[in-house]
Amino acid sequence: MTDSSTDTSTDAGAFSLAFTGEGAGAGPLTWAQSVMWGPMQWFGKEANQFNIGRALVLPAPVAPDRLTVVLRDLVETHQTLRTRYVQRTDGPRQEVAASGAYDVVVVDDQGDPARVGDELVATLSEAAFDHEAQWPLRVGCARDRAGRISAVALVGSHLAFDGWAFTTLTGLLLDRLTGPPSTPAAPPSGQAAPSPAPAAPPAARPAGGVPQPLTQAAFQQSPAGQQTSRLGLRHWEQGLSVAPASMFDLPTTPTGGQPVERHLLDSAAVTAAATALATRTRTSFSTVLLALTTLILTAYNGHHTAVFKLIAGNRLDRDSRDLIALNTLDALLVHRVDDDVDLLTAIRNLHRPAFDAYRRAQCDPAEVRRVVERVGRRRGVAFDLSAYFNNGHRGSDWATTDPDPGPDRLAVLRRDSHYSRLEPLSKSDMRFYVAASNLGDGRCRLGLLVDTAYLPGALGETVIRGIETLLCDAVAEEVRVAEIAGRIGLTPARRGSDWVSTPAGWVRPQAVADLVGEVAGGVPAAALVDPAGDGGVTVYVAASERSPRELHRRVLDALPGRPGVAAPAGYVVCRSVPPAGAGPDAWRDVPVLARGSGRDA
């Protein structure tokens with residue numbers, strides 16, 4: 001990429017595509033861009049894992065001039081393609097350029113444009129984007145022996161594109177390269193016009209022009225946008241008030257240098273079975289897969305309530321559907337799991353909560369972070385919201401030749417399922433992530449990311465294959481939620497007898513006592529569980545100058561990054577420690593300096 005605005009020229013390995021567009025300006029990031037900004041900074045050079053790429057093989061090669069005209073029109077029309085994302089003193093900003101140039105890589109197609117196109121995508125995807133210096137799109141093309149363009153490779157930054165936007169962009173590009181040129185007389189098939197004019201704008205363009213991210217950001221700052229945000233924030237506050245602090249309040253397992261595994265399963269059986277179950281339950285393909293995802297994870301971690309972030313596309317109206325820009329936000333799903341029902345009932349029970357989560361996803365992420373912090377401190381927890389689900393398919397048109405398959409047909413389809421593993425990662429801001437995408441040939445691609453500190457060994461493969469197994473079983477027979485682990489060979493997480501279930505999730509009382517003793521200055525402490533059985537923990541701590549309120553504040557500050565630990569329900573500051581060798585209950589007989597919940601009245 002370059003900022004040069006020289007005119008188009010062709011070289012052996014690249015050509016420069018100059019552009020001049022309208023609507024230059026700067027503004028705050030949109031809510032969706034703000035959500036992605038943090039991970040991009042955190043991952044640094046490893047942010048290349050977020051790059052989105054696709055190779056387009058043209059049914060008939062076109063002249064380079066035609067590609068140039070189409071690309072230039074797209075760049076000049078859509079602000080995202082000429083935007084840089086920069087850190088300023090008042091925060092990150094998006095800055096749209098009026099002019100500049102793209103360097104378009106050119107390679108020989110070697111008689112195999114599909115292979116070369118894929119290789120070019122891989123090459124262009126290798127490095128993370130430098131968003132302050134580069135455009136958020138990389139473009140390459142392959143040409144045949146006659147010098148015509150036979151394939152185009154596009155790689156976009158996830159700060160600029162989500163799957164919907166990238167699919168829209170590649171669709172526009174392909175349509176304009178393969179449709180009739182917008183010249184008075186169309187050339188013969190397979191030949192380019194001598195001097196092609198800019199391609200016609202898409203038919204489905206909103207009144208008043210193309211929707212743009214700067215306009216979207218301005219709306220989000222407006223009173224109407226803020227009202228939308230308030231409705232979403234209310235949903236987050238209500239959900240977090242009853243959610244477990246984490247789906248990973250588990251004993252951890254030592255890992256190596258690349259603890260994050262990635263699994264793939266390409267399966268026509270998943271498509272056929274999930275489509276059939278969606279029809280039977282009158283829900284949706286997405287709800288069926290989300291239900292299986294939540295039920296498998298709760299079967300593993302022993303929770304009765306699931307908390308997930310759902311990747312929400314927010315393409316709810318014509319403008320958002322036409323917007324070529326990142327538009328995804330995190331939706332919050334908090335759902336009580338009923339073990340005493342069949343799988344179809346569980347799917348139906350999830351449908352409305354999932355719908356409400358997606359409906360309330362549009363809100364200011366900075367305010368979401370404040371809500372998460374505020375509710376967490378009120379409840380005495382540090383939320384770890386790192387379980388994700390993403391239905392990445394655009395629309396609901398899953399193509400299947402088996403709308404109501406029987407067991408024999410599903411068995412045949414499963415024989416063609418393909419499981420594979422990608423290279424593991426050294427880090428991720430997700431501990432568990434299930435994604436579904438449509439490969440377009442009747443197969444669903446399930447992707448699974450797992451942090452092996454929490455799901456060790458072969459659990460990743462067990463989970464992703466288990467989704468397929470449960471879907472197929474449920475088509476043929478009744479499957480009870482309580483049977484899920486046994487049906488797929490999933491061994492639930494093992495916690496010692498020193499763990500207790502609380503409204504905040506699973507807690508290890510001794511770890512709570514250790515934390516209180518630590519923040520009290522390294523003094524002895526003990527945790528006693530409420531004999532009423534509600535999981536309430538009271539910590540007794542040896543002589544300390546700190547009041548219950550001060551202890552509680554320090555505990556809250558130290559909670560992040562400690563799974564299985566929550567602030568105790570009460571603090572008892574004692575004058576001394578029990579006699580050596582006395583059991584924990586002996587703390588109850590030690591003279592007390594102060595006691596209290598530490599919470600504000």
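A short reminder: the numbers here are calculations on the coordinates, not readings from a lab. Here the structure is a predicted model, which is why all the values come from computation and not from measurement. Ideal geometry is used to build each Cβ from the backbone, glycine not excepted, and the neighbour counts take in all protein chains shown.
Points worth noting:
- Given 13 as the ceiling on other Cβ atoms within 10 Å, longest exposed-site-free region of the chain for GluC sites (Glu not before Pro) in DSSP loops: 133-476
- Remark: relative contact order (the stretch 500-596) = 27 percent; criterion is Cα-Cα distance under 8 angstrom and separation of 6 or more residues.
- Across the stretch 209-298, the fraction of Cα-Cα pairs farther apart than 20 Å, rounded to a whole number, is 68%.
- Using alpha-carbon coordinates, inclination of helix 64-77 to the longest axis of the chain, degrees: 50 degrees
- Estimated vicinal HN-Hα couplings, Hz - the stretch 231-239 in sequence order (Karplus 6.51, -1.76, 1.60; Gly, Pro = x): 5, x, 5, 4, 4, 4, 5, 5, x
- Cα gyration tensor shape of the stretch 500-596, rounded if a/c is under 1.5, else prolate or oblate by comparing a/b with b/c: oblate
- Rounded to the nearest whole Hz, the Karplus-based 3J(HN,Hα) values (6.51 cos²θ - 1.76 cosθ + 1.60, θ = phi - 60°) of the stretch 282-291 follow the sequence 6, 10, 8, 4, 5, 4, 4, 5, 5, 4, with x at glycine and proline.
- Whole-Hz Karplus values for the stretch 155-160 come out as 9, x, 7, 6, 6, 9 Hz, taken residue by residue from phi with 6.51 cos²θ - 1.76 cosθ + 1.60 and θ = phi - 60°; glycine and proline positions read x.
- Toward the positive end of the charge dipole of the chain, with +1 on the Cβ of Lys and Arg and -1 on the Cβ of Asp and Glu, the farthest Cα among Ala482, Ala366, Tyr454 is that of Ala366.
- Annotation note: trypsin sites (Lys or Arg not before Pro) in the stretch 324-389 located in DSSP loop regions with a Cβ neighbour count of at most 12 within 10 Å are absent.
- Computed from the C-alpha gyration tensor, the three semi-axes of the ellipsoid equivalent to the stretch 3-149 are 29, 19, 12 Å, from longest to shortest.
- Three-way shape call for the stretch 385-450 based on the alpha-carbon gyration tensor, with the a/c threshold at 1.5: prolate
- Value of D in µm² per second that Stokes-Einstein yields for the stretch 315-356, Kirkwood Rh from Cα pairs, at 10 °C (1.306 mPa s): 123 µm²/s
- Working from Cα pairs under 8 Å separated by at least six residues, relative contact order for the chain is 14 percent.
- Leading residue at positive end of dipole, the chain (Cβ point charges), from Leu56, Gln258, Gln226: Gln226
- Mean residue ellipticity at 222 nm, helices only, the chain: -10500 deg cm²/dmol; runs of at least 4 DSSP H residues each add -39,500 (n - 2.57), and the sum is divided by the number of residues.
- Values of log10 I(q)/I(0), in the order q = 0.08, 0.10, 0.12 Å⁻¹, for the chain under a Debye, Cα-only, solvent-free model: -0.66, -0.96, -1.26
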